[in-house]
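**Student:** Below you will find the structure I want to go over with you.
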Amino acid sequence: MAIASDDFRFIAELIREQAAIVIEPGKEYLVETRLGPVAVTAGLVNVAGVVRELRAKRAGPLLQRVVDAMTTNETSFFRDLQPFEHLKERVIPDLLERRKAERSLSIWCAASSCGQEPYSMLMMMRESFPQLQQWRVQFLATDISQQMLAKAREGSYTQLEVNRGLPAPLLVKYFHKKGIEWQIDDSLRRAIDWREFNLSARTWPGMGPFDIVMLRNVMIYFDLATKRQILANMRKVLRPDGFLFLGTAETTINVDDSYASDVLHTACYRPKAA
Amino acid sequence: MRALVVDDSAVIRTVLTRILTNLGFEVIQASHGKDALDKLKGVPLPDIALVDWNMPEMNGYEFIRSVRESAEYRDMPLMMVTTETEMEQVVKALAAGANEYLMKPFTPEMVQEKLQILGISGS
């Protein structure tokens, strides 16, 4: 059953208010596909039932499940590959040199979804930079969705998920079979601090400073004002010589001119000198 | 770029051929390991071979071992594409010389991502 236009507007406003994510007209199918399963789980007849409940009570587990369902995005291990090549070839060697005195590194995956990005980074670091095992590496991974964070902490992936972008030698080395799923080893799961975080929060107390921030494929969902606020907050938590990665379809150009793109990898940005 | 597809299922051969052709590959098909070794004779070495595990005559594991022991074909990149989904089998295939392992069912994106991992792109 097609979603009523009033119900669509209600959900779009709710998601904008809760997560600052813009759901434009024309995305009715997205709301229907994402919220259909939420309705079933909640024992409601359809998406209209979900909207009715939320109009009566804009809080509680149902609200969280709706936000989770509407903010969950597709991801895969080593997604797009080139950012990981750039991290391996340029960014981490550069930081190993700059931070050799303090031997510490701070990394933030800011929209970690169900964990493939932070786990991909960790596997790459263990394979290519074993010396980092002797460093103090703080690895924070955040997401707005509690459901995604729970899955990321568990580190269990379906066959279809491990088929996406994960080199077989890494599957063999870092995963074990758990029933029909593949679970990443405890040492990697424990190496990451998983936390719920809303990027559209006005201020980010207690965050940073970070050497590397992965903010990939999430800015596209925000309106311009929210993008500006996020990039302004990011400047405060990113070290002046740190690295910010955006998705390949995202840019700081005409949004926040205090970042400069890396000539070798245009989705990698650095703060311009003040 | 050239690819060799080795699978006893005509349906899988057709699906993989379509995916690889769309990526710019010329595709040679074979229905089992021995057939593949015959078809490799006298042609330029393919840039990648996608090989099923369970096949008559010569299975994919035996084919991979033969390729790695052969002076002519040993450098050919090999990807196992199979319904075998246990850890032991992935380990065994890699130990025999497979460079990658893709579990069925697969999507065109998965094939493309695995090729990217190997640094292989189409035309």
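**Student:** Just wondering, is there one or more residues in region A:15-26 that are closer than 17 Å to residue A:145 by Cβ, out of contact with any strand residue (DSSP E or B) (no Cβ under 9 Å at 6 or more places or on another chain) and part of a loop (DSSP other than H, G, I, E, B)?
**Tutor:** The answer is yes; a qualifying residue exists.
**Student:** I'd like the full set of residues that are within 10 Å of chain A (Cβ to nearest Cβ) and in contact (Cβ under 8 Å) with a residue 40 or more places away in the chain, limited to region B:73-97.
**Tutor:** B:93
**Student:** Considering region A:97-126 alone, what residues qualify as being within 16 Å of residue A:213 (Cα to Cα), without any contact (Cβ under 8 Å) to a residue 60 or more places away in the chain and more than 19 Å from the chain's Cα centre (by Cα)?
**Tutor:** Across region A:97-126, the qualifying residue is only A:104.
Yes/no matrix, rows are residues, columns are (1) surrounded by fewer than 20 Cβ atoms within 10 Å (Cβ to Cβ); (2) closer than 19 Å to residue A:77 by Cα; (3) away from chain A (no Cβ under 12 Å):
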position: B:52; (1), (2), (3): no, no, yes
position: B:61; (1), (2), (3): no, no, yes
position: B:64; (1), (2), (3): no, no, yes
position: B:71; (1), (2), (3): yes, no, yes
position: B:112; (1), (2), (3): yes, yes, no
position: B:118; (1), (2), (3): yes, yes, no
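**Student:** Taking the stated definitions as given, is residue A:35 at pLDDT 90 or above, in contact with a Leu (Cβ under 8 Å, 6 or more places away or on another chain) and of a type outside the set (Val, Ile, Thr)?
**Tutor:** no
**Student:** Looking only at region B:98-110, which residues are surrounded by fewer than 16 Cβ atoms within 10 Å (Cβ to Cβ) and within 11 Å of chain A (Cβ to nearest Cβ)?
**Tutor:** B:105, B:107, B:109
**Student:** Among the residues of region A:59-100, write down those that are under 22 Å from residue A:41 (Cβ atoms) and among the charged types (D, E, K, R).
**Tutor:** Within region A:59-100, A:65, A:68, A:74 meet the criteria.
**Student:** Next up: If I filter region A:144-166 down to residues being closer than 27 Å to residue B:118 by Cβ and touching a Leu at 6+ places or on another chain (Cβ under 8 Å), which single residue comes out as surrounded by the most Cβ atoms within 10 Å (Cβ to Cβ)?
**Tutor:** So the residue we want is A:163.
**Student:** So for region A:116-123 (the condition being of a type in the set (Gly, Ala, Ser), surrounded by 17 or more Cβ atoms within 10 Å (Cβ to Cβ) and farther than 28 Å from residue A:138 by Cα), does at least one residue qualify?
**Tutor:** No, region A:116-123 has no match at all.
**Student:** In region A:1-29, which residue that is without any contact (Cβ under 8 Å) to a residue 40 or more places away in the chain and not charged (D, E, K, R) is farthest from residue A:59 (Cα to Cα)?
**Tutor:** Filtering first and then ranking leaves A:26.
**Student:** Please indicate, with yes or no, whether at least one residue in region A:68-89 is in contact (Cβ under 8 Å) with a residue 12 or more places away in the chain and over 27 Å from residue A:219 (Cβ atoms).
**Tutor:** No, region A:68-89 contains no residue that is in contact (Cβ under 8 Å) with a residue 12 or more places away in the chain and over 27 Å from residue A:219 (Cβ atoms).
**Student:** What pairs can you find where one residue is in region A:151-166 and at the interface with another protein chain (Cβ under 8 Å from one of its Cβ atoms), the other is assigned to a helix (DSSP H, G or I) and among the small types (Gly, Ala, Ser), and their Cβ atoms are less than 8 Å apart, with a gap of 6+ or different chains?
**Tutor:** A:165/A:120
**Student:** Let me ask another. Just a yes or no: is a residue in region B:90-112 at pLDDT 95 or above, among the polar types (S, T, N, Q) and assigned to a strand (DSSP E or B)?
**Tutor:** no
**Student:** Here's something else I'd like to know. Can you spot a residue in region A:127-140 that is away from chain B (no Cβ under 12 Å), closer than 17 Å to residue A:185 by Cα, under 17 Å from the mean Cα position of the chain (by Cα) and buried (at least 18 other Cβ atoms within 10 Å of the Cβ)?
**Tutor:** yes
**Student:** Right, next: Is it the case that residue B:47 is among the acidic types (Asp, Glu) and buried (at least 23 other Cβ atoms within 10 Å of the Cβ)? Give the steps one after another, and end with the answer.
**Tutor:** Numbers: among the acidic types (Asp, Glu): yes; buried (at least 23 other Cβ atoms within 10 Å of the Cβ): no.
Criteria not met by residue B:47.
The values are calculated or read from the model by the stated rules, or taken from the named source; none is laboratory data. Just so you know, these numbers come straight off a predicted model, no measurement behind them. Ideal geometry is used to build each Cβ from the backbone, glycine not excepted, and the neighbour counts take in all protein chains shown.
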